[in-house]
1. Is there a quick way to get the dipole size of the chain? I mean about its Cα centre, with the Cβ of Lys and Arg at +1 and of Asp and Glu at -1; what is the value in debye to the nearest 20?
2. When the C-alpha atoms of the range 122-177 are aligned to their principal axes, what extent does each axis show, in angstrom, from largest down?
3. For the range 61-116, with only Lys/Arg (+1) and Asp/Glu (-1) charged at the beta-carbon, what is the dipole magnitude about the Cα centre, in debye rounded to 20?
4. Taking all protein chains as present, what is the carbon and sulfur share of the accessible area of the range 62-262, in % to the nearest whole number, probe 1.4 Å?
5. Kirkwood Rh over alpha-carbon pairs of the range 62-262, then Stokes-Einstein at 37 °C and 0.692 mPa s: what D in µm² s⁻¹, rounded to an integer?
6. Return, ordered by residue number, the residues of the range 98-134 whose backbone nitrogen is under 19 Å from a label point located 7 Å along Cα→Cβ of Ile30.
7. Any idea of the accessible area per residue across the range 169-264, 1.4 Å probe, to the nearest Å²?
8. For His156, His252, His164, His188, give the ranking by accessible area with the largest first, probe 1.4 Å.
Amino acid sequence: MKNRYAQKDINQQTYKIQNGELSSRTEQDILLDTRLLSISQELLPQYGGNWNLHNVVTLKQKALSRIIYYHELYQKILDVPGVICEFGVQWGATLALLQNFRGMYEPNNVSRTIFGFDTFEGFSTVDSKDGGFAEIGDYRSLPNYEDTLEEILSIHEGLHAVSHIKKFELIKGDASQTIDGWLERNPHAIVSMAIFDMDVYKPTKDVLEKLMPRFVKGTLLVFDELNCPQLPGETLAVQEVLGLNNIRLKRHPFQSYCAWGVFGE
Ligand SMILES: C[S@@+](CC[C@H](N)C(=O)[O-])C[C@H]1O[C@@H](n2cnc3c(N)ncnc32)[C@H](O)[C@@H]1O
């Protein structure tokens, strides 16, 4: 992974690209975080059978906030039929959360397939509408990471009910293009929740336009970088396709740039 360290001042706040990801961490934050990581790496092999639970001792507020945020979002779709699509998967943290929430709240709902779209090579396009921060390749994970993620998600599925029916799929490639094949292969699919977390303008706009016929009144639309000065492309895509006047966007107190809205409301 590249070690780019760009810096820009926006509204008196310093934002940096650290290891290909936008961050506003201070030097002190980085110091504490690095120490916590090293303690976590040391302890992980020593926890024993309950390693996953004990590992929560190093879980930070930011990660916990995101878990709670998605937990609340998941509950909003329990009475909405359809599949879940996440555009922008990266390491798969949100996909795994969604799988777990499905296991908790609707373990027998075999129709709630979860689809994850990603290049698995980071940003593949950056438009002039994306501002100056984003660069091709930002937010990449590891070469062939999709194979590792496939195994991780299969293990999660194996730990839940009705595990003999596969209820997730990873779609590799530029979502601007892969969405066409997905629509063709899945003529039945209506979308209960669409998560837009590709951060950049073009694929967000393309997918919104192409997927919209599969939304119902009640589809939960989730945006991860709305109103974000460093990454304006997502807001512009929403503005151009949905119209900011046409959707009642809401935010959650735990998440700065995330917004969600119910299609048709
Ligand atoms: C911020 S990360 C997603 C994080 C993830 N949603 C999570 O919660 O952990 C953004 C992801 O969008 C992906 N991405 C960007 N442009 C894309 C495109 N045109 N097609 C598919 N994926 C894209 C990147 O590869 C990257 O993994």
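The values are calculated or read from the model by the stated rules, or taken from the named source; none is laboratory data. Note that this is a predicted model, so its numbers are computed, not measured. Positions of Cβ are backbone-derived with ideal geometry, glycine not excepted, and every protein chain shown enters the neighbour counts. All accessible areas refer to the heavy atoms of the entire protein, side chains included, with ligands and DNA or RNA removed. Shrake-Rupley method; radii C 1.70, N 1.55, O 1.52, S 1.80 Å.
1. Here the chain has a charge dipole of around 580 debye.
2. On the principal axes, the range 122-177 reaches 46, 21, 15 Å in Cα extent.
3. That gives the range 61-116 a dipole magnitude of about 140 debye.
4. With neighbouring chains kept in place, the figure for the range 62-262 is 54 percent.
5. 193
6. In the range 98-134, the label zone of Ile30 (backbone N under 19 Å from the point 7 Å along Cα→Cβ) covers 133-134.
7. 42
8. Output order, biggest surface exposure first: His164, His188, His156, His252.
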